[in-house]
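Okay, structure first, notes after.
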Amino acid sequence: MEDKKLSLLATSLIALAIVLASLILANAYKYKFVSAETISTTGLAEKEFTSDLVIWNASFSSYSMDRKIAFESLKADQLKIKDYLISKGIKENEIVFSAINVEEQTKTERKYNGNEGYSEVSTFAGYKLTQNFDIESKSLDIIEKTAREITELLEQGINISSNHPNYYYTKLEDLKISLISNATENATVRAKNIAEKGNSHLGSLKNATMGVFQITGKTSSEEYSWGGVYNTSDRNKKASITVKLEFAIK
């Protein structure tokens, strides 16, 4: 009789365990199903714009066996360069000359020493003085033209070397905020369309992730980078950003 009661109790416990396991699995499936009821979309916003600030720099140098003579020559060239830049329409307060760099030049010669072979001997070869100047301006056309024509100073005996102008945009933060707004709107519209196609309605926003802000040349073939591209070599540019949104659906 006791064995029969124990057998009945064991059967009841097993049945209860099966029921409880079924309930747990059902609830787990239900949670998984509910948590999966979301829509994720990525919105893109792009805008072409023109730079409103240019930064241009160049360097010039003089050379002499006498440091004082090299210095006086460099100062004379600085005045000529300054007058030239102002004559081109560049404002005096936009021109900034850096400190002068002094470098001692040496000349190395190989000498034959008979049975001892060759040896190298370094001798003093004079002083080279170099100075840079930077120009920051909103007069892009003037700077571009001057940068192209600066080699005219070579004809005056000035040893000058010019770099390519770099272009920037002073309202970049405003542009970025505008693009984020547009990309968010684009992603939201896409999510609504997907929900409507599935006979559902868009619920609350659960998560939002902003992509990398990219600035490329308007007509360049630059590839986007995970760390972001910031083109400064082109005057005309294109900015873009992506925003990923995740919505609940109901």
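Assorted remarks:
- Condition met for Tyr167 (closer than 24 Å to Gly89 by Cβ, among the aromatic types (Phe, Trp, Tyr) and surrounded by 12 or more Cβ atoms within 10 Å (Cβ to Cβ)): yes
- A single entry from Phe97, Phe124, Phe60 fulfils the requirement of being in contact with a strand residue (DSSP E or B) (Cβ under 7 Å, 6 or more places away or on another chain), modelled with pLDDT under 95 and surrounded by 10 or more Cβ atoms within 10 Å (Cβ to Cβ): Phe124.
- Residue in region 196-204 that is among the basic types (Lys, Arg) and within 38 Å of the chain's Cα centre (by Cα) present: no
- Test: residue in region 165-179 that is over 22 Å from Lys47 (Cα atoms) and outside any helix (DSSP H, G or I): yes
- Scanning region 84-98 for residues that are among the hydroxyl-bearing types (Ser, Thr, Tyr) and under 20 Å from Gln156 (Cα atoms) turns up Tyr84, Ser87.
- Evaluating Leu153 against the criteria (1) in contact (Cβ under 8 Å) with a residue 60 or more places away in the chain; (2) assigned by TED's automatic domain parsing to the domain that holds Ser233 leaves one unmet condition, (2).
- Of the residues making up region 66-82, not a single one is touching a helix residue (DSSP H, G or I) at 6+ places or on another chain (Cβ under 8 Å) and free of Cβ contacts under 8 Å to residues at least 12 places away in the same chain.
- In region 137-147, the condition of being exposed (fewer than 15 other Cβ atoms within 10 Å of the Cβ), within 27 Å of Phe213 (Cα to Cα) and touching a residue at least 60 places away in the same chain (Cβ under 8 Å) is met by at least one residue.
- Qualifying residue in region 104-118 (condition: touching a strand residue (DSSP E or B) at 6+ places or on another chain (Cβ under 6 Å), without any contact (Cβ under 8 Å) to a residue 60 or more places away in the chain, within 22 Å of Ile160 (Cβ to Cβ) and assigned to a helix (DSSP H, G or I)): no
The values are calculated or read from the model by the stated rules, or taken from the named source; none is laboratory data. Bear in mind that the values here come from a model prediction, so they are computed numbers and not experimental data. Don't worry about glycine lacking a Cβ; one is built from the backbone with ideal geometry, like all the others, and counts go over all protein chains shown.
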